[in-house]
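The values are calculated or read from the model by the stated rules, or taken from the named source; none is laboratory data. This structure is a prediction, so every number in the text was calculated from the model and none was measured. Glycine gets a Cβ as well: all are built from the backbone with ideal geometry, and neighbour counts include every protein chain shown.
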Amino acid sequence: MDLRDTPEEAAFRAELRAWLEANVPEERRGWRGGEQRFGDDFGREWSRKLYEAGYAGLTWPQEYGGAGAPYSRHAIFLEESARAQAPAHVGVIGLGMAGPTIMAHGSDEQKQRHLSKILSAEEIWCQGFSEPDAGSDLAAARTRAERRGDVFVVNGQKVWSSFAHIADWCILVAQSEAAAPRYRNLTYLTVDMRAPGVEVRPLRQITGEAEFNEIFFTDVEVPVENMLGEQGGGWQVAMTTLLHERGTLGFALTATLEVAMNRLLGVAREHGNGDAAMRGRVAQEWIELQALRYTNYRALTTLQQTGVPGPEGSVAKLRWSEQNQRLTKLGRELLGAEGLLDDGWWHYQQLRSRGNTIEAGTSEVLRNIIAERVLGLPRGR
Amino acid sequence: MDFAFTSEQQELKRQARAWLAERYPLDRDWEAPQDDAWAELAELGWLGVSVAEEEGGAGLGFLEEAILFEELGYALYPGPYLATVGLALPMLGEEERAAVAAGATRWSAEVRGLVPWLDSVERVAADGASYEARGTSLPTLDATRPLGRLERGEGMPLPGEPDVARARAAVACEAVGVAQRVLELGIAHASTREQFGRPIGVYQAVSHRLADTYADVELARSLAYWCAWCVAEEDEQAPAAAAAAKAFATEAAVAACERSIQVHGGTGFTWEHPLHRFYKRALWLEGFGGRPAELRAEVADSVLGVAVGV
């Protein structure tokens, strides 16, 4: 056990810190997230810059153009980006989900076609999994992909798709085998977002912004060569995607919490310093943040030693989301009436945080997963 | 960055788990006087883990001790290991350390005017000196952990200072062990107890409580190991880490016991079931030497700066 950086890690961190210092434009620091991520072309430019500096695809194998670095480099990247309040890469779905899924299940042609463009942010990806009637229950997806010769004809609707309005490609899970049993009824496709019949409508959320979208597919023809894995084997392919969604997710989440924590400390020093109860609550949030941070380190060590995320990682998203809700509420509470102002950071974060316990696995589903897969409790269904 | 125990440390954990399960099973006679197995602990080398080899110890560090504290909590070990190794050891001189490693002397220390196990140790470290263990001992809610008031006889100076962070780290690790054990008891019960024709663990009102306990235990474990590492490495973050770990882990242990009692239903409320003994141990750990609210105030001082106008 050694919680310090190795000499290589320390060197990487120092170099990255200097690079961020020199390259993050002042006016783009400390973004509150949300719609600001796609307001203009800056997102793509920034992502391209990260790629050129070698910071995109740190953990991707070298044969696919990545750095082939251990997961700890990616964790350091996320920590330092948060510390510098640097904007995020807009290709997160491509880098973290679509890319690894193509590496695992794609043909040589598919790899050739997409992987280098995902790295360079030439291709931005979105995810077409959730539907109005199939949120947590992916196998109940109703979007149809009907095989007609060399194409699948796709009809249906997807929802809660981040980046869809700027995306070039979509990873799509659709029903292809009407008669097959659950989990053998799906096919996994990559869909060109500019194909005829694809329509994207932004979805306005409780913050008033539109970060997510609905995607409508009307007789969209998807060539068979865009299929990942087997026809009817989409469930297994989707599980690869979701596994990667959770891989180093904990670090990304905790890094954003770190930014909020630093703001909270500032607010508390100014507004709640004489109040012992408030100080206790702020301390509790600091303690839980350390608990999450070191839980991520433990999960990371397991991942590096075994190649598989450890069970402790399943806790990260569940507890991060709840902590973010408490922490943003506390920040607004400390500010009093000032925290109600419409352009306030805390006001926005508190509203936005309500989505945290719903997106990327609701807290209820995560507790089911812990109960059944980690604790081994009997299955209810 | 490497946040895992070495294979030797994992082996120590396995050995401790196995030995304690054999020596302190759940179905032991809880009403009989509890045997602290002190000579056996000395033989196992547990009393001199961090004592130098030339003094008869194993020459290891606090991480190995942290592993033992966790396992002792898991097994609900009754003796004064925490007092001797967790509280007193850093204050002792070479000769006294050798006697501890050999199992010749049990020690305790005065913490905020109270001496745990005063009636079952030979010596007490208090205000920089060593005293014969004499005075009044009062039972606490944990029957194996009385607290006493020291009657000071002649004191002999001790070379070391109390190490508050180390003591808190020890308590935090023990709390993690307690929490882990009651979680496992809850899982076992929810998997086998049937109502309405199904094991009660299929009901989310039950399984989600246990999932929450699991999350608490994992977070507490991360803090406890972080803090153990800081203590072992004399890292500057040790005091804040220890305050954080003790506050979080002991509260997590108490909550874990309360949820486990609820999951056990009426059985968990009986004297016969050992759950209440774990609960009482958790409450003792939470209350001894710095309550969570005080510890959070310390953390606040360190992250916010000392309060103005309080």
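Structure summary
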read-out: Residue count for the range B:76-108, restricted to those that are within 18 Å of B:F62 (Cα to Cα) and part of a helix (DSSP H, G or I); value: 16
read-out: Pair list, Cβ under 6 Å, 6 or more apart: the range A:290-306 residue under 16 Å from A:Q323 (Cβ atoms), other residue in a helix (DSSP H, G or I) and at pLDDT below 85; value: A:T295/A:E312; A:N296/A:G250; A:N296/A:F251
read-out: Counted residues, the range B:195-241 - those being within 30 Å of B:P90 (Cβ to Cβ) and either in a helix (DSSP H, G or I) or among the charged types (D, E, K, R) (or both); value: 25
read-out: Criterion violated by B:W271 - all others in (1) surrounded by fewer than 18 Cβ atoms within 10 Å (Cβ to Cβ); (2) away from chain A (no Cβ under 14 Å); (3) within 17 Å of the chain's Cα centre (by Cα) satisfied; value: (3)
read-out: Top-ranked residue in the range B:121-166 [being among the hydroxyl-bearing types (S, T, Y) and within 21 Å of the chain's Cα centre (by Cα); ranked as farthest from B:F69 (Cα to Cα)]; value: B:S137
read-out: Residue under evaluation B:V178, criteria (1) crowded, with 21+ Cβ neighbours inside 10 Å; (2) within 14 Å of chain A (Cβ to nearest Cβ); (3) under 20 Å from A:V315 (Cα atoms), criterion not met; value: (2)
read-out: Among the residues listed as A:E258, A:E270, the single one being away from every other protein chain (no Cβ under 12 Å), on the phi < 0 side of the Ramachandran plot, acidic (D, E) and surrounded by fewer than 23 Cβ atoms within 10 Å (Cβ to Cβ); value: A:E258
read-out: Candidate set from the range B:1-35 (those that are of a type in the set (G, A, S) and away from every other protein chain (no Cβ under 14 Å)); member that is surrounded by the fewest Cβ atoms within 10 Å (Cβ to Cβ); value: B:A32
read-out: Tally, over the range B:183-217, of residues that are small (G, A, S), more than 7 Å from chain A (Cβ to nearest Cβ) and touching a helix residue (DSSP H, G or I) at 6+ places or on another chain (Cβ under 6 Å); value: 1
read-out: Any chance A:Q236 is crowded, with 20+ Cβ neighbours inside 10 Å and polar (S, T, N, Q); value: no
read-out: Residue match in the range B:144-165 (condition: out of contact with any strand residue (DSSP E or B) (no Cβ under 7 Å at 6 or more places or on another chain), more than 14 Å from chain A (Cβ to nearest Cβ), over 24 Å from B:E96 (Cβ atoms) and assigned to a loop (DSSP other than H, G, I, E, B)); value: yes
read-out: Unique match (being in contact with a Ser or Thr (Cβ under 9 Å, 6 or more places away or on another chain) and under 16 Å from B:V100 (Cα atoms)) among B:E122, B:E132; value: B:E122
read-out: Test: residue in the range A:291-304 that is farther than 21 Å from B:V176 by Cβ and either crowded, with 19+ Cβ neighbours inside 10 Å or over 17 Å from the mean Cα position of the chain (by Cα) (or both); value: yes
read-out: Where a residue in the range A:67-96 is part of a loop (DSSP other than H, G, I, E, B) and at pLDDT 90 or above and its partner, wherever it lies, is surrounded by fewer than 20 Cβ atoms within 10 Å (Cβ to Cβ) and among the small types (G, A, S), with Cβ under 7 Å and at least six apart; value: A:A67/A:G54
read-out: Selection count, the range B:213-226, where residues are in contact with a Lys or Arg (Cβ under 7 Å, 6 or more places away or on another chain) and either within 12 Å of B:C173 (Cα to Cα) or not small (G, A, S) (or both); value: 3
read-out: In the range B:40-64, residue surrounded by the fewest Cβ atoms within 10 Å (Cβ to Cβ) [restricted to those that are farther than 18 Å from B:V231 by Cβ and without any contact (Cβ under 8 Å) to a residue 12 or more places away in the chain]; value: B:E54
